[in-house]
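As structure tokens, the structure follows; a few thoughts come after it.
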Amino acid sequence: MPSKELLFGTGGIPRSTKGTSSISGIKQIRELGLDCMELEFVQGVRMSEDGAKNVLKTANNEDVALSVHAPYYINLNSYEEEKLKASLERIYHAARIGSLCGAQSIVLHAGFYQKSSKKHTSESISKALKELTGQIRDEGIPAILRPETMGKRTQFGTLEEVLALSAEIEGVMPCLDFCHLHAREGKENSYSEFTRILSRVEESLGKEGLSNMHMHVAGVEYGINGEKKHLNLKESDLNYPELMKALKEFKARGRVILESPILEEDALMLRKLYNEI
Ligand SMILES: [Zn+2]
């Protein structure tokens with residue numbers, strides 16, 4: 001669903017949350033005055049259907065928009081049939097429980113090249129995502145699968161790879177992780193590079209590409225092989241003021257999920273910066 005505005009929130013529950021549940025996290029997002037939260041199913045989907053319905057109720061009451069991060073343990077380019085099946089099952093489960101929570105966007109790390117060519121990897125991942133989006137659609141689950149741009153060079157997920165999948169497959173849209181885009185090659189960190197990225201999104205996906213965005217932002221430490229670890233924005237070299245300017249200039253709509261260690265502090269800081277432009 002295209003959004004009317006740009007929402008800011010945290011990846012996982014805010015650090016200041018009392019308790020550890022998703023429900024207390026959603027209430028804390030409201031307390032902080034933020035807009036959205038990403039449910040981190042990264043170590044596995046451990047939420048029951050009843051639990052998900054309670055999350056939906058709380059999110060509606062508190063007017064907090066939710067998304068889901070699927071488990072990390074996924075490789076849609078696995079050479080082992082069993083592992084591929086398990087990966088598809090994990091994403092499916094994240095989408096099913098996520099949609100019961102009212103989350104439409106399901107972010108995922110698609111896989112690794114291993115010994116495959118980039119072309120072969122893209123084809124395997126595309127085949128897997130076509131199968132999965134078909135199943136999800138057949139079951140009436142209103143999920144959008146969002147392969148993320150990835151920060152390590154061994155991982156599938158350049159901007160072009162993620163845009164190609166999104167253009168090709170109904171029910172697939174990108175998750176643009178700006179710290180990963182930057183860390184992968186040490187580039188993508190200036191106003192002109194940010195606007196080039198947004199232009200590519202529009203060229204590939206049309207207006208909806210910019211009106212229904214899902215983004216991850218954090219500072220990042222990186223080296224020759226790409227991403228090492230996430231940092232707080234002010235302790236990193238990420239040019240986030242220029243990124244906010246580019247998003248404003250392109251009238252980007254959707255969500256910005258902060259994944260830096262201080263989560264909500266950076267989410268509030270970034271939204272303030274964005275609003276002041
Ligand atoms: Zn991620």
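Some values worked out for this structure:
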| item | result |
| --- | --- |
| Karplus-derived HN-Hα couplings along region 66-71 (A = 6.51, B = -1.76, C = 1.60, θ = phi - 60°), whole Hz, x at Gly and Pro | 10, 9, 10, 9, 5, x |
| Amide proton proximity set for Asn77, modelled H, under 5 Å, gap of 5+ | Phe112 |
| In Hz, Karplus ³J(HN,Hα) per residue of region 109-116 (6.51, -1.76, 1.60; θ = phi - 60°; x = Gly, Pro) | 8, 6, x, 10, 6, 6, 9, 7 |
| Distant-in-sequence amide H partners of Val107 (H built 1.01 Å from N, under 5 Å) | Val68, His69, Ala70, Arg146 |
| Mean shadow area of the chain, taken as a quarter of the surface of its Cα convex hull (nm²) | 13.4 nm² |
| Cα-based shape type of region 148-277, given that a ≥ b ≥ c are square roots of the gyration tensor eigenvalues and the cut on a/c is 1.5 | oblate |
| Dimensionless Rg ratio for region 11-154, taking C-alpha atoms and the 2.2 N^0.38 Å reference | 1.11 |
| Most fluctuating residue given options Val42, Val220, Val55, as computed from a GNM of the chain linking Cα atoms under 10 Å | Val42 |
| Fluctuation leader among Glu264, Glu123, Glu221 - the chain, Gaussian network, Cα springs under 10 angstrom | Glu123 |
| Where only alpha carbons of region 1-82 are counted, the Rg and the Dmax (Å) | 14.6, 46 |
| Estimated dipole of the chain in Debye, rounded to 20 [Cβ of Lys and Arg +1, of Asp and Glu -1, Cα centre] | 80 debye |
| Fraction of beta bridges assigned by DSSP in region 6-276 that are antiparallel (%, nearest 5) | 20 percent |
| Extension gain (nm, one decimal) between Glu5 and Glu82, 0.36 nm per residue minus Cα-Cα | 23.6 nm |
| Cut-off under 5 Å, modelled amide H: who pairs with Asp177 long-range | Thr149, His216 |
| Burial ranking of peptide ranges 60-67, 108-115, 131-138 (average Cβ count within 10 Å, highest at the top) | 108-115, 60-67, 131-138 |
| Using θ = phi - 60° and Karplus 6.51 cos²θ - 1.76 cosθ + 1.60, couplings along region 79-90 (whole Hz; Gly, Pro as x) | 7, 9, 3, 4, 5, 5, 4, 5, 5, 4, 4, 5 |
| Among Ser166, Ser122, Ser24: highest mean-square fluctuation, GNM of the chain, C-alpha pairs under 10 Å | Ser24 |
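No value in this document is a laboratory result; all are computed from the given coordinates. Predicted, not measured: the structure shown is a model, and the values here were computed from it. Please note: Cβ atoms are built from the backbone with ideal geometry, for glycine as well, and neighbour counts cover all protein chains shown.
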